[in-house]
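Asker: This structure is in structure tokens; I'll ask about it shortly.
The values are calculated or read from the model by the stated rules, or taken from the named source; none is laboratory data. None of the values given here were measured: they were computed from a predicted structure. Glycine also receives a Cβ, built like all others from the backbone with ideal geometry; neighbour counts cover every protein chain displayed. With ligands, DNA and RNA removed, areas are computed over all heavy atoms of the protein, side chains included. Shrake-Rupley method; radii C 1.70, N 1.55, O 1.52, S 1.80 Å.
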Amino acid sequence: QAQLVESGGGLVQPGGSLRLSCAASGSFFSINVMGWYRQAPGKQRELVATITSVGSTAYADAVKGRFTISRDNAKNTVYLQMSSLKPEDTAVYYCNAGLKPSRWGNFDNYWGQGTQVTVSS
């Protein structure tokens, strides 16, 4: 069974930086798009950034210029480098990926367990 395991959340002061990591493990054939979403208290989950298997990226307007998504295909890992953090970035951040269980299967949507990011002085 495949799974996504996140790490790197925590408490940071406004203007600070954090790096999130998410590794896919278990049994799967390939990964296509990987991404990060976030959900603040009382709000819906929203897209933060995505990256394709060939490195094409997309960002939410709220994080453009401050966050950078990247991936290491050899390690089946996606990263989110967050800089110039603001209190409004406070949320639970979730990793997301499309994983193909076998050569002939379809891609299934997987979520990580979430990691808390708190931006506060």
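Asker: Output the number of the condition that Gln81 fails; it satisfies all remaining conditions of (1) free of Cβ contacts under 8 Å to residues at least 12 places away in the same chain; (2) within 17 Å of Ser21 (Cα to Cα); (3) part of a strand (DSSP E or B).
Answerer: Going through the list (1) free of Cβ contacts under 8 Å to residues at least 12 places away in the same chain; (2) within 17 Å of Ser21 (Cα to Cα); (3) part of a strand (DSSP E or B), Gln81 breaks only (1).
Asker: Residue by residue through the range 1-25, note down the ones that are outside any strand (DSSP E or B) and either at pLDDT 95 or above or open to solvent by less than 60 Å² (accessible area, probe 1.4 Å) (or both). Reasoning before the result, please.
Answerer: So in the range 1-25, the residues outside any strand (DSSP E or B) come out as 1-2, 8-9, 13-17.
The answer is Ala2, Gly8, Gly9, Gln13, Pro14, Gly15, Gly16, Ser17.
Asker: Output the qualifying pairs, or none if there are none: Cβ atoms under 7 angstrom, residues six or more apart or on different chains, first residue in the range 1-25 and without any contact (Cβ under 8 Å) to a residue 12 or more places away in the chain and closer than 13 Å to Ala91 by Cα, second residue aromatic (Phe, Trp, Tyr) and surrounded by fewer than 15 Cβ atoms within 10 Å (Cβ to Cβ).
Answerer: Qualifying pairs under 7 Å: none.
Asker: Of all residues being free of Cβ contacts under 8 Å to residues at least 60 places away in the same chain and outside any strand (DSSP E or B) in the range 101-121, which is least open to solvent (accessible area, probe 1.4 Å)? Just the residue, please.
Answerer: Per the criteria, the residue is Asn106.
Asker: Quick check on my filter: what residues within the range 50-77 are closer than 17 Å to Ser7 by Cα and either under 12 Å from the mean Cα position of the chain (by Cα) or surrounded by 15 or more Cβ atoms within 10 Å (Cβ to Cβ) (or both)?
Answerer: If the condition is that a residue be closer than 17 Å to Ser7 by Cα and either under 12 Å from the mean Cα position of the chain (by Cα) or surrounded by 15 or more Cβ atoms within 10 Å (Cβ to Cβ) (or both), then Phe67, Thr68, Ile69, Ser70, Arg71, Asn76, Thr77 are the ones that fit.
Asker: Moving on. Quickly run through the range 26-41 and pick out the residues that are at pLDDT 95 or above and either assigned to a loop (DSSP other than H, G, I, E, B) or basic (Lys, Arg) (or both).
Answerer: Result: Arg38, Ala40.
Asker: Quick check on Val63: is it assigned to a strand (DSSP E or B) and either in contact with a Ser or Thr (Cβ under 6 Å, 6 or more places away or on another chain) or modelled with pLDDT of 95 or more (or both)?
Answerer: no
Asker: OK, next. Select from the range 26-42 the residues that are under 22 Å from Ala60 (Cα atoms) and loosely packed, with under 15 Cβ neighbours inside 10 Å and write down the one among them that is nearest to the chain's Cα centre (by Cα).
Answerer: Within the range 26-42, the match that is nearest to the chain's Cα centre (by Cα) is Gln39.
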